[in-house]
Every structure is written in C-alpha cells, then in structure tokens.
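Take this structure, written in structure tokens, and hold onto it; I'll ask about it next.
The values are calculated or read from the model by the stated rules, or taken from the named source; none is laboratory data. As the structure is a computational prediction, the values presented were derived from the model and not from experiment. No Cβ is skipped: glycine too gets one built from the backbone with ideal geometry, and neighbour counts run over all protein chains shown. These accessible areas exclude ligands, DNA and RNA; they are computed on the full protein's heavy atoms, side chains included. Shrake-Rupley method; radii C 1.70, N 1.55, O 1.52, S 1.80 Å.
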Amino acid sequence: MLFEIIEDYKTNHKNLEVTVLKQEVVLEGETIIFHLNGELQQDIFHKIKADVLGTLRRKLNNYSIHLESEIKEEESGKKKLYTSTDKLQYLKEKSPALAELQRRFQLETDF
C-alpha cells in the first residue's frame, strides 16, 4: 500500500515527500514508525501525515493504525567532514601513504 502512495507522489512530482516515505519503516503493533534523517524530513512528514494516514486506513480498511516519526540518531563516533582539511585527515587515517604523498609533493588543502 505504501508503494502505491509513493508512486502517486512521484507522478505528482513531490520528490521531497517521496524521499520521506522511502525512509526506514518499523511496525510496532498498529503503529507505523518512520525513521527520518532530520528536522526537515520531520516537517515534511507532518505535512503529509494526515493524507497518507487517511489513504492507508481506507485502502487497508483498518481505522486503528497510526503513523509516527522518529529522527534517527547518528553514530556518535562518525564525524561529518565539511572542510578540505577534515577530508584529507580522514583519508590520511585510512591510507597512511597519502601523508607521504602530501609531504613529498608539498600539497596543501587550503587554497
């Protein structure tokens, strides 16, 4: 049923809504929980929640189901790489030979 709703949003070119509906889903009893990536996806989810819930209830003929959302917690050890220096440091940790290349060719990340 959710696939049909996603296809409907695709045909109407509602790409942000499609992205939200394609997130990981967990079923707990009669509650469908969407695991979202951030506040933006949660805002979009709240805008489409009533429409999606109504469609699901009607198609499944089950008026006791509920939709919820949770923002996934990112792995605490995983650091986001924003700057060139951060990216280079990460790559040097993965491949120590890169540090040697940087030293040998006197490469700089800040330009």
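Could you check the stretch 30-71 and list, in sequence order, the residues that are of a type in the set (A, V, I, L, M), part of a helix (DSSP H, G or I) and over 17 Å from the mean Cα position of the chain (by Cα)?
50, 52, 53, 56, 60
Taking the stated definitions as given, is residue 86 charged (D, E, K, R), part of a helix (DSSP H, G or I) and modelled with pLDDT under 85?
When the stated conditions are applied, residue 86 passes them.
Yes/no matrix, rows are residues, columns are (1) among the aromatic types (Phe, Trp, Tyr); (2) open to solvent by less than 90 Å² (accessible area, probe 1.4 Å); (3) touching a helix residue (DSSP H, G or I) at 6+ places or on another chain (Cβ under 6 Å):
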position	(1), (2), (3)
25	no, yes, no
31	no, yes, no
35	no, yes, no
40	no, no, no
43	no, yes, no
48	no, yes, yes
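Within the stretch 92-104, is there a residue that is at pLDDT 95 or above, exposed (fewer than 11 other Cβ atoms within 10 Å of the Cβ) and assigned to a helix (DSSP H, G or I)?
Within the stretch 92-104, not a single residue is at pLDDT 95 or above, exposed (fewer than 11 other Cβ atoms within 10 Å of the Cβ) and assigned to a helix (DSSP H, G or I).
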